[in-house]
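In what follows, a structure is listed as structure tokens, so that the remarks can point back to it.
The values are calculated or read from the model by the stated rules, or taken from the named source; none is laboratory data. Everything numeric here is computed off the predicted structure, so don't read it as measured data. Please note: Cβ atoms are built from the backbone with ideal geometry, for glycine as well, and neighbour counts cover all protein chains shown. Each accessible area value is taken on the protein alone, full model and side chains, heavy atoms only, with ligands, DNA and RNA left out. Shrake-Rupley method; radii C 1.70, N 1.55, O 1.52, S 1.80 Å.
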Amino acid sequence: MQQIKQNYFQLFKLSESFELDVSTLAENYRQLQLAAHPDRFAAASETEKMRAVQHSSYLNEAYDTLKSTLRRAAYLLSLHDVDVEQVKQSDLGMDLLLEQIQLREALDELPKDSSALPALENLKAEVTVKLANMERFFADELQRREFDSAKKCFHEMQFIHKLLAEIDSSEEQRLGY
Amino acid sequence: MHRRAVGIDLGTTNSLITASCGSGVEALPDADGLQLLPSVVQYRKNQTPVVGAIARAAAIDDPENTILSVKRLLGKSRSEILSQDPFLPYQFDDSRDDGAPAIVTTAGVMDPVQISADILRVLCDRAEVCLAGELEGVVITVPAYFDDAQRQQTKDAASLAGLRVLRLLNEPTAAAVAYGLDTKDQGNIVVFDLGGGTFDVSLLSLQRGVFEVLATGGDTHLGGDDFDRVVSDWLMQASVHTGTLSHSKRIELLYLANQIKHQLSETESVDVSYGAWTGKLDAELFTELTRELVNRTINTCRRVLRDAKLTTDAIDNIVLVGGATRMPVIRNAVAEFFGKSPLVNIDPDKVVAIGAGIQADVLIGNKSEHNFLLLDVNPLSLGIETMGELVEKIIPRNTTIPVAKAQEFTTFKDGQTVMSLHVVQGERELVSDCRSLARFELRGIPPMVAGAAKIRVTFQVDADGLLSVTAQELSTNTKSEIQIKPSYGLNADAIEKMLESSRDHAHADMESRALREAQLEATQLIDALASARKVDSRLLSAEEASRIADVVARLQSAISDGSSNQIHSLSEELNQVSGDFAARRMDLTIGEALRGHSIDEIEHSTDE
């Protein structure tokens, strides 16, 4: 059975850029699933059903990738043959490492009970602003085809995403989930 | 033509079957006009099993032959069941080396798949009477937290009962469908499902007919039974009962507690007498006693909202499912948390079955004019075992299905030709804390130096939430042979054997039923192919067309005077010779949906 290799942006009729309209993405995704989902082929032959499962899975994978800004960034880099799995020392600047350590320390030093919740909210807001700046920078660098710099920025965003997830889970612990 | 498709809620305590009849989807009654079928089966020597209320009444006098709550046994091993409930009155067949919880009854050894199939048969016989004809497809609901084994066995039970499963549908999703289609809403829906022993929350968005499950969550150890326990603890304390209770006294007390709980859903205050003690339980005190339990349900709602990155004001509707949601403490807490009253106009005991009936009607093609689609998620993460008995997640929970994820592995020894993989399901870090799904052996890896072989393993979860695995060695392009060893329950061979034996002996009408089904399916296949050729004959070469015509002719003659096996194998052959044609058509369908190009053309344009 042939592999599907359709470009994710073309699939959803979007121009190939980091900034995209999420509601158009969602709407086009739903329209495509209406045509491709295996439920549309409940009465069809096994071959058609299997093909529908493949198509529908591919749409889900593509949607999942473009929906997340981090995965979208990695995908855009991969379209320009930049492999984000290969990380070199030079991809991670000294300034990034220092900032990482500082932010992590700030998180670790917070009290372990619900009194830390306002501070966690503040930290989250601060980090979210940082991320928004990085995303703008990434979009610009990609447009200018400065792939090395874009890749470095990607790894910074990756770190921020990890940190946000940790803030979330510390929040959940303190809320008693 | 209206085709006969039904929705089935195969419940732990009661089951229901629904179908669209004229005005809308309704629960179908038995000959006495009763809709709920107690999920109880009594086996008798040399007689057909008794299912329903009569069987439930027999449970007291004939406990070892009367199976209650078989749903709790599905997809589990004997040892798991015994550790979860050591006081079951059944005699398990210890000689079964597959670990399946087969029960020795006077009618022979029965396993949970067979017992569930017996319930399904009774429901379907009822539907075939009501709808005056054979069923063409069923949608069966399963709890959202059901794992792969439990889903697979539900499907196996249906095939054993001779039913064609259009889809397994998650219960909360079914409930949302029942309301969503009713109200034609756009927006976000929370389904709050509090059953006897489990609790589920699902958050769905509905946009122009497309239901998308955004997040699910739950607590498999929280249900209406816990509220009974709280009341019975209070009774013990209030009546200053000292010492331990006997088993039967304890049951009696729980029964009384359950009655009090039900009464409190109707009135503000209940007078209670227990032994010589009399007292009173009012709504205020009940709210206080159950505060911790209610808070747990609200916390789960909070968690699900967080997973979906939404706040309560983004929720347009709340749907209640399960008898326990009749309690005012629950309704009030839900209304307070979400800032709006939950929808209650569909009976919480029937809402799941009604949603299943609607989905069955859509899938069989009775409502083709509707743009209606369900995009569900896998509620549990799928992972594989790595070094140190840790779990590496391959497909995280809340991923929209169907989904395929590929992972590359390599060999760690020179000349290694076999590799084992262990697939698990669950959220925990350690393999021993997750549910073992299957062990795979990849054989036929070409011998190379360690680390040179590249094996791509693809995990595919279909729309029913069921997993399949394929593997390929990339450097030489060899397809590895995969051996699937389910970690518990039945393997594929055992199912096949059961299907065969049931065709051969157990039920005299089985072969004729299988034959009718094979004829029906083959006719549908031929019809589908004919209409496909009418539209897309240009995609078919002359040689292919003549090969297809040849198999169609042979299949048609088998339909009129062949066995079900002959029809099956010819249908299979027809599927094969028309496979390429079907693939081209599918590519065109999705291609047209994209932008009027076939996938091949698009691939070309991106290659440039």
Segment A:8-29, subset in a helix (DSSP H, G or I), more than 16 Å from the chain's Cα centre (by Cα) and buried (at least 21 other Cβ atoms within 10 Å of the Cβ), residue nearest to the other protein chains (Cβ to nearest Cβ): A:Leu11
Subset tally (residues that are of a type in the set (Asp, Glu) and either within 8 Å of the chain's Cα centre (by Cα) or within 14 Å of chain A (Cβ to nearest Cβ) (or both)) for segment B:131-162: 1
Qualifying residue in segment B:479-502 (condition: assigned to a strand (DSSP E or B), at pLDDT 75 or above, in contact with a strand residue (DSSP E or B) (Cβ under 8 Å, 6 or more places away or on another chain) and under 30 Å from B:Val109 (Cβ atoms)): no
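Among A:Tyr63, A:Tyr75, which is the only one that is more than 7 Å from chain B (Cβ to nearest Cβ), in contact (Cβ under 8 Å) with a residue 24 or more places away in the chain and in contact with a Ser or Thr (Cβ under 6 Å, 6 or more places away or on another chain)? First the steps, then the outcome.
Working: A:Tyr63 fails: in contact with a Ser or Thr (Cβ under 6 Å, 6 or more places away or on another chain).
After applying the criteria, what remains is A:Tyr75.
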Failed criterion for A:Gln54 (all others in (1) within 8 Å of another protein chain (Cβ to nearest Cβ); (2) within 30 Å of B:Leu520 (Cβ to Cβ); (3) out of contact with any Asp or Glu (no Cβ under 6 Å at 6 or more places or on another chain); (4) free of Cβ contacts under 8 Å to residues at least 24 places away in the same chain hold): (4)
Members of segment B:566-608 found to be at pLDDT 80 or above, open to solvent by 50 Å² or more (accessible area, probe 1.4 Å) and more than 9 Å from chain A (Cβ to nearest Cβ), listed by number: B:Gln566, B:His568, B:Ser569, B:Glu573, B:Arg584
Search result, residues across segment B:1-25 that are in contact (Cβ under 8 Å) with a residue 60 or more places away in the chain, open to solvent by 40 Å² or more (accessible area, probe 1.4 Å) and farther than 20 Å from B:Ala158 by Cα: B:His2, B:Cys21
Evaluation of B:Leu539 against (1) at pLDDT 70 or above; (2) open to solvent by 50 Å² or more (accessible area, probe 1.4 Å); (3) more than 12 Å from chain A (Cβ to nearest Cβ) (one fails), failing number: (2)
Of all residues in segment B:419-439 being open to solvent by 60 Å² or more (accessible area, probe 1.4 Å) and in a strand (DSSP E or B), the one that is modelled with the lowest pLDDT: B:Arg439
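Residues in segment B:7-26 that are closer than 19 Å to B:Arg167 by Cβ and in contact with a Gly (Cβ under 8 Å, 6 or more places away or on another chain): how many?
Initial filter on segment B:7-26 (closer than 19 Å to B:Arg167 by Cβ): B:7-11, B:15-20, B:25.
If we keep only those that are in contact with a Gly (Cβ under 8 Å, 6 or more places away or on another chain) too, we end up with B:7, B:17-20, B:25.
Going through segment B:7-26 one residue at a time, the tally reaches 6.
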Residue within segment A:86-98 that is closer than 26 Å to B:Ala471 by Cα and more than 14 Å from every other protein chain (Cβ to nearest Cβ) present: yes
Flag if B:Lys393 is touching a residue at least 12 places away in the same chain (Cβ under 8 Å), open to solvent by 20 Å² or more (accessible area, probe 1.4 Å), farther than 27 Å from B:Leu214 by Cβ and more than 10 Å from chain A (Cβ to nearest Cβ): no
Where A:Ala43 falls short, out of the listed (1) more than 26 Å from B:Ser468 (Cα to Cα); (2) outside any helix (DSSP H, G or I); (3) not β-branched (Val, Ile, Thr): (1)
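Rundown of residues vs (1) in contact with a Pro (Cβ under 9 Å, 6 or more places away or on another chain); (2) in a loop (DSSP other than H, G, I, E, B), yes/no style:
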position: B:Asp313; (1), (2): no, no
position: B:Ala324; (1), (2): yes, no
position: B:Phe337; (1), (2): no, no
position: B:Lys340; (1), (2): no, yes
position: B:Asn345; (1), (2): no, yes
position: B:Asp349; (1), (2): no, yes
position: B:Asn366; (1), (2): no, yes
Members of segment B:296-322 found to be within 14 Å of another protein chain (Cβ to nearest Cβ), open to solvent by less than 10 Å² (accessible area, probe 1.4 Å) and in contact with a Gly (Cβ under 9 Å, 6 or more places away or on another chain), listed by number: B:Cys301, B:Val304
Test set (1) among the small types (Gly, Ala, Ser); (2) at pLDDT below 85; (3) farther than 26 Å from A:Gln54 by Cβ - B:Ala549 fails condition number: (2)
Failed condition for B:Thr244, given (1) open to solvent by 90 Å² or more (accessible area, probe 1.4 Å); (2) under 19 Å from B:Gly195 (Cα atoms); (3) not charged (D, E, K, R): (2)
Residue under evaluation A:Ala150, criteria (1) farther than 21 Å from A:Ser15 by Cβ; (2) crowded, with 16+ Cβ neighbours inside 10 Å; (3) touching an Asp or Glu at 6+ places or on another chain (Cβ under 6 Å), criterion not met: (1)
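Which one of these is buried (at least 20 other Cβ atoms within 10 Å of the Cβ), at pLDDT below 95 and either of a type in the set (Val, Ile, Thr) or farther than 15 Å from B:Ala157 by Cβ (or both): B:Ala55, B:Ala59?
On the way: B:Ala59 fails: buried (at least 20 other Cβ atoms within 10 Å of the Cβ).
Going through B:Ala55, B:Ala59 in turn, the sole match is B:Ala55.
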Residue list for segment B:396-418, filter: open to solvent by 30 Å² or more (accessible area, probe 1.4 Å), closer than 18 Å to B:Val469 by Cβ and polar (S, T, N, Q): B:Gln407, B:Thr410
Qualifying positions in segment B:127-149 - under 23 Å from B:Pro402 (Cα atoms) and either at pLDDT 90 or above or open to solvent by 30 Å² or more (accessible area, probe 1.4 Å) (or both): B:Gly137, B:Val138, B:Val139, B:Ile140, B:Thr141, B:Val142, B:Tyr145
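Quick check on B:Ser381: is it touching a residue at least 40 places away in the same chain (Cβ under 8 Å) and either farther than 23 Å from B:Asp464 by Cβ or open to solvent by less than 30 Å² (accessible area, probe 1.4 Å) (or both)?
On the way: touching a residue at least 40 places away in the same chain (Cβ under 8 Å): yes; either farther than 23 Å from B:Asp464 by Cβ or open to solvent by less than 30 Å² (accessible area, probe 1.4 Å) (or both): yes.
Yes, satisfied.
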Number of the condition not met by B:Ala215 [criteria: (1) more than 28 Å from B:Asp376 (Cβ to Cβ); (2) in contact with an Asp or Glu (Cβ under 7 Å, 6 or more places away or on another chain); (3) aliphatic (A, V, I, L, M)]: (1)
Residue within segment B:225-240 that is of a type in the set (A, V, I, L, M, F, W, C) and within 14 Å of another protein chain (Cβ to nearest Cβ) present: no
Some residue of segment A:105-121 being among the basic types (Lys, Arg), within 28 Å of A:Ser23 (Cβ to Cβ) and open to solvent by 30 Å² or more (accessible area, probe 1.4 Å): no
Test result for B:Cys124, open to solvent by less than 10 Å² (accessible area, probe 1.4 Å) and over 28 Å from B:Asp225 (Cβ atoms): yes
Near pairs, Cβ below 6 angstrom, 6+ apart or cross-chain, from segment B:444-460 (at positive phi) to any residue that is open to solvent by 40 Å² or more (accessible area, probe 1.4 Å): B:Gly444/B:Glu481; B:Gly451/B:Thr410
